[in-house]
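Heads up, the thing below is written out as structure tokens.
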Amino acid sequence: MTHDFFRPVSGFDLPRFAGIPTFMRLPHVGLDDPRISQVQVGLIGAPWDGGTTNRPGPRHGPRQMRDLSTMIRAENGSTRVRPFDLVRCADLGDVAPNPGDLMDSMARMTAFYARVKAQGIVPLTAGGDHLCTLPILRAMAGDAPLGMIHFDSHTDLFHSYFGGTMYTHGTPFRRAVEEGLLDPGRVCMIGIRGPAYDREDRDFADAVGIRVIPVEELFARGTDDVMAEARAIVGQGDTYVSYDIDFVDPAYAPGTGTPEIGGPTSWQALQVARGLKGVKVVGADLVEVSPPFDPSGGTAFLGVTLMFEMLCVIAGRLAADAAKTGAA
Ligand code: MN
Ligand code: MN
């Protein structure tokens with residue numbers, strides 16, 4: 001098995017507007033394909049928005065993000081990282097939800113990601129709404145609670161909605177802490193803003209020791225300083241990265257269900273992703289891109305560009321670890 005199989009199709013061999021759009025023009029390698037054992041980073045679609053409480057649509061996110069991901073090239077223009085040279089990447093396809101059954105959808109997702117984890121593959125997911133992250137964490141945190149760096153305009157830490165509904169895209173991290181999937185002392189949430197129903201989520205964060213960095217503090221301190229703190233909070237332990245596109249100001253990312261005014265620019269959105277360098281990222285996602293609200297495709301393009309930034313960090317880390325241990 002040569003590494004060449006796992007390289008994206010070049011725009012010089014087939015124009016980037018042509019061909020079947022897999023994530024970043026990578027080969028499609030399903031979980032039952034024997035080549036799955038060679039994959040180090042798997043790009044996965046989670047086309048499910050059963051946790052959405054307001055404007056729906058992220059179930060269509062993976063398909064539009066695959067299309068816009070054909071804009072991605074081989075080298076990161078800022079960091080100079082060439083992720084597809086460093087690690088074997090593939091599009092693992094979509095996890096299949098059950099659109100009529102929320103609990104079954106989560107069970108199906110956890111089973112899918114358990115198989116990904118068993119192969120030693122780092123999953124990089126395109127959502128889907130933010131409830132998708134909960135079944136992923138259930139699979140990824142099998143051995144011990146994970147740290148997490150979370151970019152969002154919302155904490156998604158609420159106890160429940162509508163007087164007792166426990167599973168929505170506003171509650172995944174409350175459940176994750178309750179279930180012992182996250183170590184709250186190693187969780188940092190960045191970019192929080194906007195009008196709120198109440199402070200119940202923030203009170204919970206304070207009570208369990210989750211560090212919440214509101215957008216005012218991010219702007220006052222700058223992205224580099226805040227990311228240095230985030231790296232210190234998660235340390236060198238296994239860490240998940242969850243990136244909600246509504247972290248970004250709706251001027252740059254209008255295609256999402258729950259936008260909040262006064263957020264970071266697309267430039268700052270890239271900078272915080274680059275600031276993950278050095279973190280032991282065991283999985284990451286980019287969620288809440290809603291194509292029905294994204295007729296230009298610009299939000300999906302920003303989403304896949306942020307996935308590429310996270311991929312560059314993951315690939316750099318895996319390559320550095322392999323060099324240390326002498327593994328190929
Ligand atoms: Mn969210
Ligand atoms: Mn959000």
(message) Suppose R0 equals 41 Å. What FRET efficiency, 1/(1 + (r/R0)^6) with r the Cβ-Cβ distance, do residue 225 and residue 67 give to the nearest 0.05?
(response) 0.70
(message) Compute the distance from the alpha-carbon center of the stretch 110-157 to that of the stretch 1-31, in whole Å.
(response) 25 Å
(message) For residue 324, give me every one of the lysines with a C-alpha distance below 16 angstrom, ignoring sequence neighbours fewer than eight places off in its own chain.
(response) 280
(request) Once every Cα of the chain carries one equal point scatterer and solvent is ignored, give the base-10 log of I(q)/I(0) from the Debye formula at q = 0.06, 0.14 Å⁻¹, two decimals. (result) -0.18, -1.06
(request) Specify the angular offset, from 0 to 90 degrees and rounded to the nearest 10, of the alpha carbon long axis of helix 223-234 from the longest principal axis of the alpha carbons in the chain. (result) 90 degrees
(request) Summarise the long-distance tail of P(r) for the stretch 106-184 by giving the % of C-alpha pairs beyond 15 Å. (result) 56 percent
(message) What does the extension gain come out to for residue 17 and residue 296, with contour length at 0.36 nm per residue minus their alpha carbon separation?
(response) 98.9 nm
(request) Binning at 5 Å from 0, report for the stretch 130-267 what percent of all alpha-carbon pair distances ends up in each bin. (result) 2, 10, 21, 24, 22, 15, 6, 1, 0
(request) Would you list, by chain and number, the aspartates and glutamates whose Cα falls below 20 Å from the Cα of residue 277, excluding same-chain residues fewer than 8 positions away? (result) 75, 85, 152, 224, 225, 229, 238, 244, 285, 309, 321
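Since every read-out is calculated from the coordinates, none of them should be taken as a lab result. None of the values given here were measured: they were computed from a predicted structure. Glycine gets a Cβ as well: all are built from the backbone with ideal geometry, and neighbour counts include every protein chain shown.
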